[in-house]
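*Asks:* Attaching a single structure in structure tokens format; questions to follow.
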Amino acid sequence: MDTLPAELIDPFDRRVEYLRLSVTDRCDFRCVYCMAEEMTFVPKPEILTLEELEQVARAFTELGVKKIRLTGGEPLIRTNILSLVERLGRLPGLEQLVMTTNGSQLQRLAGRLRDCGVKRLNISLDSLNPRKFRHLTRYGNLDQVVAGIDAAVAAGFERVKINAVILRGRNEDEVLDLVEFARERGIDVAFIEEMPLGHIVEHDRQLSFCSSAELRDMIGARFPLEFVSAPGGSEGPARYYRMPGSDTRVGFISPHSDNFCHLCNRVRVTVEGRLLLCLGNEHSVDLRSVLRHPDYRLEGLKRAIVDAVAIKPERHHFDNAAEPQILRFMNATGG
Ligand code: SAM
């Protein structure tokens, strides 16, 4: 067998050094752009165990991955998640263990996540109006999430960032309030264009689309924005700006209006162990069958990952006007 490379380079010369690892497809919220109201979740036996998730993380870090984001679904509702976080926090070569969460469990868990080695948190927050927040999340409680964000700030993570998906006619009037909320706490905020993942009937994605350029103009009219960094590297897909006199950075994630595929350094693993090479393509490789093979060895898993990266697509093609081509919802993808 060929020797395994020390790093993952795809056919377009992009170095894959960032893994988004989904630890559950279940969630205590049902955000209207992310899930349908009635969802069918992956049956338990098909979900990777914590030990299997650790093997996946270990294989990737041994292949040069420096950053792992735990996500879902809601990662903090996976039973015994802290034991996985603790083990990943000790993986040699892993520089950034980070997490995306809806914040509902952070009052209880923020300090322990920090102690286990999580460096940064992204927390989703689409509205500061309790009724609107409930509508957008279907089940969420705004006070609980804000208290969770404050617990994260108090726990002293390297960075805390608010993620907001902005939908026209729903929450675009809250963009400046969300920036203020972040400024008051000295944390970052990023605005995400909605992506056509999964079939939803709750709203028309074409009508609700709000471009990053529009939001940037709206914010820039109140707070002058100075460009800081383009998508790529360890910062992920956001384009960041600073406001004079504030530590807060404002980011824009623009999968429609500012394609960042040529800088893509990421892959995802779903909770059933499907390695997704691109958020906007169905290319995937089944790692679970490798993990559950009677002759399983870590080297075999690493070989499967190396071979998979060789088919990473060049770019995604999102079109809100068409029927979604990607039928998996974001919760199943690992957002
Ligand atoms: N439960 C966690 C949370 O709420 O952040 C992690 C999983 S969630 C799927 C990760 C991120 O994906 C959230 O910031 C969410 O707003 C975003 N997201 C979900 N569906 C999306 C879509 N269709 N387009 C854009 N962003 C989406």
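*Asks:* I'm told Asp173 meets every condition in (1) modelled with pLDDT under 95; (2) among the acidic types (Asp, Glu); (3) open to solvent by 30 Å² or more (accessible area, probe 1.4 Å) except one. Can you identify the failing condition by its number?
*Replies:* (1)
*Asks:* Going by the conditions given, is Ile123 β-branched (Val, Ile, Thr) and open to solvent by 20 Å² or more (accessible area, probe 1.4 Å)?
*Replies:* Values: β-branched (Val, Ile, Thr): yes; open to solvent by 20 Å² or more (accessible area, probe 1.4 Å): no.
Here the answer is no, as Ile123 does not meet what is asked.
*Asks:* If we scan segment 177-195, do we find a residue that is without any contact (Cβ under 8 Å) to a residue 24 or more places away in the chain and either touching a helix residue (DSSP H, G or I) at 6+ places or on another chain (Cβ under 6 Å) or within 15 Å of the ligand (Cβ to nearest atom) (or both)? Step through it out loud before you land on a result.
*Replies:* If we filter segment 177-195 for residues that are without any contact (Cβ under 8 Å) to a residue 24 or more places away in the chain, which is where we start, we get 180, 184.
Narrowing further to those that are either touching a helix residue (DSSP H, G or I) at 6+ places or on another chain (Cβ under 6 Å) or within 15 Å of the ligand (Cβ to nearest atom) (or both): none.
No, segment 177-195 has no match at all.
*Asks:* Then there's this: So which pairs qualify, if the first residue must be in segment 244-273 and at positive phi, the second must be hydrophobic (A, V, I, L, M, F, W, C), the Cβ gap must be under 8 Å, and the two must be at least 6 apart or on different chains?
*Replies:* Gly273/Leu48; Gly273/Val56; Gly273/Leu287; Gly273/Leu291
*Asks:* Filter segment 274-304 down to the residues that are among the β-branched types (Val, Ile, Thr) and either within 24 Å of the chain's Cα centre (by Cα) or assigned to a strand (DSSP E or B) (or both) and list them by number.
*Replies:* Initially, segment 274-304 is screened for residues among the β-branched types (Val, Ile, Thr), giving 285, 290.
Once the filter is applied, which keeps residues that are among the β-branched types (Val, Ile, Thr) and either within 24 Å of the chain's Cα centre (by Cα) or assigned to a strand (DSSP E or B) (or both), segment 274-304 yields only Val285.
*Asks:* Next question. Which of the following residues is in contact with a helix residue (DSSP H, G or I) (Cβ under 7 Å, 6 or more places away or on another chain) and under 26 Å from Glu214 (Cβ atoms): Leu94, Leu167, Leu76?
*Replies:* On the way: Leu94 fails: under 26 Å from Glu214 (Cβ atoms); Leu76 fails: under 26 Å from Glu214 (Cβ atoms).
When all the criteria are applied, what remains is Leu167.
*Asks:* Is one or more of the residues making up segment 190-198 out of contact with any strand residue (DSSP E or B) (no Cβ under 9 Å at 6 or more places or on another chain) and either within 23 Å of Arg30 (Cβ to Cβ) or of a type in the set (Phe, Trp, Tyr) (or both)? So that I can check it myself, show each step before the final result.
*Replies:* Here is the first cut: in segment 190-198, the residues out of contact with any strand residue (DSSP E or B) (no Cβ under 9 Å at 6 or more places or on another chain) are none.
No, every residue in segment 190-198 fails to be out of contact with any strand residue (DSSP E or B) (no Cβ under 9 Å at 6 or more places or on another chain) and either within 23 Å of Arg30 (Cβ to Cβ) or of a type in the set (Phe, Trp, Tyr) (or both).
*Asks:* Hey, another quick one. Only one residue in Val98, Val165 is surrounded by 15 or more Cβ atoms within 10 Å (Cβ to Cβ), within 26 Å of Thr49 (Cβ to Cβ) and under 17 Å from the mean Cα position of the chain (by Cα). Which one? Spell out how you get there, then give the answer.
*Replies:* Details: Val165 fails: within 26 Å of Thr49 (Cβ to Cβ).
Just one listed residue meets the conditions, Val98.
Residue by residue, here is whether (1) open to solvent by less than 30 Å² (accessible area, probe 1.4 Å); (2) under 16 Å from the mean Cα position of the chain (by Cα); (3) polar (S, T, N, Q); (4) under 28 Å from Glu193 (Cα atoms) holds:
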{"residue": "Tyr18", "(1), (2), (3), (4)": "yes, yes, no, yes"}
{"residue": "Ser22", "(1), (2), (3), (4)": "yes, yes, yes, yes"}
{"residue": "Lys44", "(1), (2), (3), (4)": "no, no, no, no"}
{"residue": "Thr61", "(1), (2), (3), (4)": "yes, no, yes, no"}
{"residue": "Gly73", "(1), (2), (3), (4)": "yes, yes, no, yes"}
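*Asks:* With respect to Leu128, determine if the residue is surrounded by 23 or more Cβ atoms within 10 Å (Cβ to Cβ) and within 16 Å of the ligand (Cβ to nearest atom). Full working, then the answer.
*Replies:* Details: surrounded by 23 or more Cβ atoms within 10 Å (Cβ to Cβ): no; within 16 Å of the ligand (Cβ to nearest atom): yes.
No; evaluated as a whole, the condition is false for this residue.
*Asks:* Oh, and also: Which residues, counting only those in segment 247-263, are open to solvent by 20 Å² or more (accessible area, probe 1.4 Å) and away from the ligand (no atom under 16 Å from the Cβ)?
*Replies:* Across segment 247-263, the qualifying residues are Asp247, His262, Leu263.
*Asks:* Find all pairs meeting these conditions: Cβ atoms under 7 angstrom apart; at least six residues apart or on different chains; first residue within segment 112-126 and assigned to a strand (DSSP E or B) and at pLDDT 95 or above; second residue surrounded by fewer than 23 Cβ atoms within 10 Å (Cβ to Cβ) and of a type in the set (Ser, Thr, Tyr).
*Replies:* Once the first residue is assigned to a strand (DSSP E or B) and at pLDDT 95 or above and sits in segment 112-126, its partners that are surrounded by fewer than 23 Cβ atoms within 10 Å (Cβ to Cβ) and of a type in the set (Ser, Thr, Tyr) give Asn122/Thr100.
The values are calculated or read from the model by the stated rules, or taken from the named source; none is laboratory data. Bear in mind that the values here come from a model prediction, so they are computed numbers and not experimental data. Cβ coordinates were reconstructed from backbone atoms using ideal geometry, including for glycine residues, and neighbour counts include every protein chain displayed. With ligands, DNA and RNA removed, areas are computed over all heavy atoms of the protein, side chains included. Shrake-Rupley method; radii C 1.70, N 1.55, O 1.52, S 1.80 Å.
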